[in-house]
Amino acid sequence: MKIINLGAKNSVLNKFMAELRDENIQKDRMRFRENIKRIGHIEAYEASKLLDYSNRTVTTPLAPCEMSLYDNDIVLATVFRAGLPLHEAFLDVFDEAGNGFLSAYRYYLDKECTKIGVKIEYMATPDLSNKTLIIVDPMLATGESMELAYKAFCTKGSPKRLIMACVIASKQGVDHLKKIFPDDDVVLFCGAIDPILNEHKYIVPGLGDAGDLMYGEKM
C-alpha cells in the first residue's frame with residue numbers, strides 16, 4: 001500500500017488540521033465540520049492525480065478545445081456518521097460519482113474498555129464491479145473499520161482500484177492496512193499520522209471523538 005501523508009509537507013492543510021485539534025475551536029461544530037471538508041477537498045484533488053486520463057474534445061463558443069479528462073467510473077463510500085462531511089467534500093470534487101454508505105460502530109469487548117469490536121448493520125451501494133472505489137473515513141485508529149468496510153462493499157462487486165482517505169491515522173492503523181493491502185496499487189491519503197493509540201483505542205494526540213464533535217454527544 002502506498003501512503004501519502006499530506007501533513008508531512010508544509011501547506012494550508014496544516015492550518016485546518018491545527019484548528020481541528022484545538023479544543024477551543026472544536027466547540028464550534030460548524031467550523032469543525034467545515035475544516036474536515038477543507039481537508040477533504042485537498043485530498044480529493046491529490047487523489048485526482050492518480051486517475052486514468054484521456055484527451056477529449058470540448059466545443060467552446062469559439063472553437064473546439066482538447067482537454068485531458070479522467071476516465072474512471074468512481075464510487076465514493078463512507079461509514080456513518082463521522083464520515084459524512086469528508087464524503088461530501090469528495091463529492092464536491094467528483095460530483096458525478098456513485099455513492100456507497102455503511103453503518104458501523106465500535107463496541108468494547110471487556111469491562112475495562114481496552115478491546116474493541118466493530119459491527120456493521122446497514123449498507124447501500126451501487127455495483128462496484130470494475131469501479132474505482134474511494135473509501136473515506138476521518139479517523140483511522142486500528143484500521144479494522146476500514147478493512148471491514150472494504151470487505152463489506154466488495155460483496156457488491158470487485159472494484160478495479162482502491163483509494164482510501166482519512167484525516168488522521170494512527171501508525172498502528174496504517175501498519176494494519178499495509179498487511180491487508182501489500183500492493184502499491186492501493187493508496188491511502190492521510191492528513192496526519194499520529195504515533196499511538198491509548199488504552200481505549202483512541203488516536204493520540206488525535207482530536208477526540210470526531211462524530212461527537214461534528215454532531216453532538218451520543219447516548
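Odds and ends about this structure:
- Kirkwood hydrodynamic radius of the chain, from the reciprocal of the average inverse Cα-Cα distance over all distinct pairs: 18.0 Å.
- Protein accessible area in segment 167-206, 1.4 Å probe - carbon and sulfur %: 54 percent
- Here segment 1-74 is treated with +1 on each Lys and Arg Cβ and -1 on each Asp and Glu Cβ, and its dipole about the Cα centre works out to around 320 debye.
- Volume of the convex hull of segment 35-79 (Cα atoms only), normalised per residue: 113 Å³.
- Distribution of pairwise C-alpha distances over segment 16-113, 5 Å bins, in %: 2, 11, 15, 16, 15, 13, 11, 7, 5, 3, 1, 1, 1, 0, 0
- Simple label model, 7 Å out from Cα along Cβ direction - Lys9 to Lys119, nm: 4.3 nm
- Value at 222 nm in deg cm²/dmol, rounded to 500, when DSSP H runs of n ≥ 4 in the chain each add -39,500 (n - 2.57): -9000 deg cm²/dmol
- Rolling a 1.4 angstrom probe over the protein heavy atoms with all chains in place gives the chain an accessible area of 52 Å² per residue.
- If you run the Gaussian network model on the chain, springs between alpha carbon atoms under 10 Å, then out of Cys154, Cys166, Cys190 the most flexible one is Cys154.
- With all protein chains modelled, accessible area of Thr155 [1.4 Å, Å²]: 100 Å²
- Residues Ser103, Ser129, sorted by accessible area with the largest first, give Ser129, Ser103 [1.4 Å probe; ligands and nucleic acids excluded].
- Relative contact order, percent, the chain [alpha-carbon distance under 8 Å, six or more residues apart]: 23 percent
- Dipole magnitude of segment 70-219 about its Cα centre (Cβ charges: Lys, Arg +1; Asp, Glu -1), debye to nearest 20: 460 debye
- Peptide ranges 7-16, 173-182 listed from the most packed, as the mean C-beta count within 10 angstrom indicates: 173-182, 7-16
- Between helix 171-180 and the chain there is an angle of about 60 degrees, using the helix long axis and the longest principal axis of the Cα atoms.
- By a 1.4 Å probe calculation restricted to protein chains, Tyr122 has an accessible surface near 120 Å², given to the nearest 10.
- Pairs from Lys49/Lys131; Lys171/Lys201; Lys27/Lys171; Lys131/Lys151; Lys2/Lys131; Lys119/Lys160 whose Cα-Cα separation, in the structure shown, is over 22 Å: Lys27/Lys171; Lys119/Lys160
The values are calculated or read from the model by the stated rules, or taken from the named source; none is laboratory data. This structure is a prediction, so every number in the text was calculated from the model and none was measured. Please note: Cβ atoms are built from the backbone with ideal geometry, for glycine as well, and neighbour counts cover all protein chains shown. These area figures cover heavy atoms from the full protein model, side chains too; ligands, DNA and RNA do not enter into them. Shrake-Rupley method; radii C 1.70, N 1.55, O 1.52, S 1.80 Å.
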